[in-house]
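None of the figures in this text is laboratory data; all of them are computed from the coordinates on show. In this text, all values refer to a predicted model and were calculated from it rather than measured experimentally. Neighbour counts are summed over all protein chains in view; Cβ atoms, including those assigned to glycine, are modelled from backbone coordinates with ideal geometry.
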Amino acid sequence: MKTITALLIGAGDRGARAYAPYALDYPHELKIVAVAEPNNERRRRIQQEHQISDENSYESWEDISQLDKQIADIAIICTLDRNHFKVTMRALEQGYHVLLEKPMSPDPLECILMEQQAKTYNRQLTICHVLRYTDFWKAIKKVISRGEIGEVVSLQLNENVEVMHMSHSFVRGNWSNKENSSPMILQKSCHDMDIISYVMGKACERVSSFGSLMHFKVENAPEGAPLRCLDGCPAELECPFHAGKYYLGEGRGWAKKFTEDYTNEGIIEALNKTPYGKCVYRSENNVVDHQVVNMEFDGGATATFSMCGFTREQTRIVQVMGTKGEIRGNMEENKISIFDFLTRQETVIHFDQPIGGHGGGDRGIMRLFLEEVRNGNKEDSVSSVSASVRSHLMAFAAEVSRLNQGQSINIDEYYHSLVENIQV
């Protein structure tokens, strides 16, 4: 087996903790030989863990883009959303096969251009729709494909974001402002648009959507609440989102997202300097905290999706309704139930405890991506770029609908309106 060499661009949470560890666990399959990361501590940590030379350690992706040689087989790109396009286009041009963190881009036209670039240079471009690689969703797909529940009539999927995850990532964090990152339905829930499309196995023809930022805004701030929680908030004991109480307590693990010093002193210093110490009602957030999407697929089947930041646990709950039976599942419980209308029998499948994040999907996508690079598979990929573009367009169209009071958006018409803007 050929060992694939990799360039890691972006050594933050997803790059360093989700994908790079695969090279440490399976060194005969993957070796990280270069890294580009502006944060000195993160870059040095990756260097040490993977024994990367100083020569192949870069502060920015621009340094690599200027090289006249290819220094690895693949590029794992985990920069912030708005940097994905330029980095990916250049990496494909330089000869790298690319594993790209989702979402592809906050601009739908850029997603289409990346797909075209991959085809032009005959490169593998796989988007990290990691749910497709979990035992949970693979089993649901298999049950549907075998016809066990007949023809799918409707699907319902709830994404329970979990209230503190909502406050951390989408109110205080990197994805709080859609102008700086991307809309919530794209950043958080393009996973869901993709997995719905994947298990339905048919093209989504139209969508409509409603949602808003209902709670995390200044008019809901407690009386007398300062800009930063540690500046003496009178509601400290009543507010579940108080930064000091949370990040120095049960949310200490989340502090690793914004500081390299996990001591109390280090966390407090970061809370006084970073957006994570701000009052959730006085942050610069503008993404929705709840949204629903209605979808109609080829043949008439429907799907509904609900994302909400106000839930006790972080999970996805699904119900697939067919003409012969029904599937129900909860990712947190890691099991699915299949009910047969004729026999009235229920079959419950419990999955092994997954290794790695996203129900084992982080590790699963690495394994299959490397296999596809070795074998030259592209369009047959579980997460082919063409399928990813289609599911991304579902998310973009949902946001257009939401901003237009739930107007129904035809996906094909939306796609053609975008490609008309491509300069020939």
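Quick one: length gained pulling I349 to T323 fully straight, 0.36 nm per residue minus the C-alpha distance?
7.3 nm
Read phi for every residue in region 229-241 and hand back ³J(HN,Hα) as whole Hz from Karplus 6.51 cos²θ - 1.76 cosθ + 1.60, θ = phi - 60°, with x for Gly and Pro.
4, 6, 8, x, 7, x, 9, 3, 6, 9, 9, x, 9
Over all alpha-carbon pairs in region 218-277, figure out the percentage whose distance exceeds 14 Å.
Within region 218-277, distances greater than 14 Å cover 51 percent of Cα pairs.
Within the P(r) computed for region 4-129, what percentage of the Cα pairs occupies the region above 25 Å?
Tail fraction, whole percent: 16.
List the relative contact order of region 4-129 as a percent without decimals, with contacts defined as Cα pairs under 8 Å and 6+ residues apart.
For region 4-129, the relative contact order is 23 percent.
Give me E326, E151 sorted ascending by neighbouring Cβ count inside 10 Å, so fewest comes first.
Ordered from fewest to most neighbouring Cβ atoms within 10 Å, E326, E151 come out as E151, E326.
At a Förster distance of 51 Å, what's the computed FRET efficiency of R282 paired with S53, Cβ-Cβ distance as r, to 0.05?
0.65
Can you tell me the relative contact order of the chain? Whole percent, Cα pairs under 8 Å, sequence separation 6 or more.
Relative contact order for the chain comes out at 20 percent.
How many nm is it between the label spots at L403 and F310, if each spot is 7 Å from the Cα in line with the beta carbon?
Simple spin-label model gives 2.5 nm for this pair.
Hey, if you put +1 on the Cβ of every Lys and Arg and -1 on every Asp and Glu Cβ in region 218-277, which of G249, P226, C239 ends up farthest toward the positive end of that dipole?
After comparing all options, I get G249.
Taking every Cα atom in the chain, find the radius of gyration and the maximum pairwise distance Dmax, and write them in Å.
So, for the chain, Rg and Dmax equal 22.0, 66 Å respectively.
Dipole of region 293-424 (Lys/Arg Cβ +1, Asp/Glu Cβ -1, origin at the Cα centre): which of I327, G360, G300 lies farthest to the positive side?
Going by the Cα projections, it comes out as G360.
With unit charges on the beta carbons (Lys and Arg positive, Asp and Glu negative) and the dipole taken about the Cα centre of the chain, which residue among Y22, A387, S53 sits farthest to the positive side?
Value computed over the given set: Y22.
For region 148-279, I need the span (max minus min coordinate) of the C-alpha atoms along each principal axis, in Å, sorted largest to smallest.
For region 148-279, the Cα extents along the three principal axes come out at 58, 33, 28 Å.
Averaging sequence separations of C-alpha pairs under 8 Å and six or more residues apart, then dividing by the length of region 218-277, give the relative contact order as a whole percent.
27 percent
Along the Cα-to-Cβ line of L80, 7 Å from the Cα, sits a label point; which residues in region 40-71 have backbone N less than 16 Å from it?
40, 60-62
For E151 and N180, calculate 0.36 nm times their separation in residues minus their Cα-Cα distance, and state this gained length in nm to one decimal.
6.3 nm
What's the magnitude of the charge dipole for the chain around its Cα centre, counting Lys and Arg as +1 and Asp and Glu as -1 at the beta-carbon? Answer in Debye, nearest 20.
So the magnitude is around 420 debye.
At 222 nm, what helix-only mean residue ellipticity would the chain give, in deg cm²/dmol to the nearest 500, using -39500 (n - 2.57) for each DSSP H run of four or more?
Taking each H run of at least 4 residues, the total per residue is -9000 deg cm²/dmol.
Where in region 209-228 does the label zone of N272 land, with the point 7 angstrom along Cα→C-beta and an amide N cut-off under 15 Å?
Within reach of a label on N272, which here means backbone N under 15 Å from a point 7 Å along Cα→Cβ, region 209-228 contributes 228.
Just how large is the dipole of region 156-235 about the Cα centre, in debye to the nearest 20, putting +1 at every Lys and Arg Cβ and -1 at every Asp and Glu Cβ?
The dipole magnitude comes to about 140 debye.
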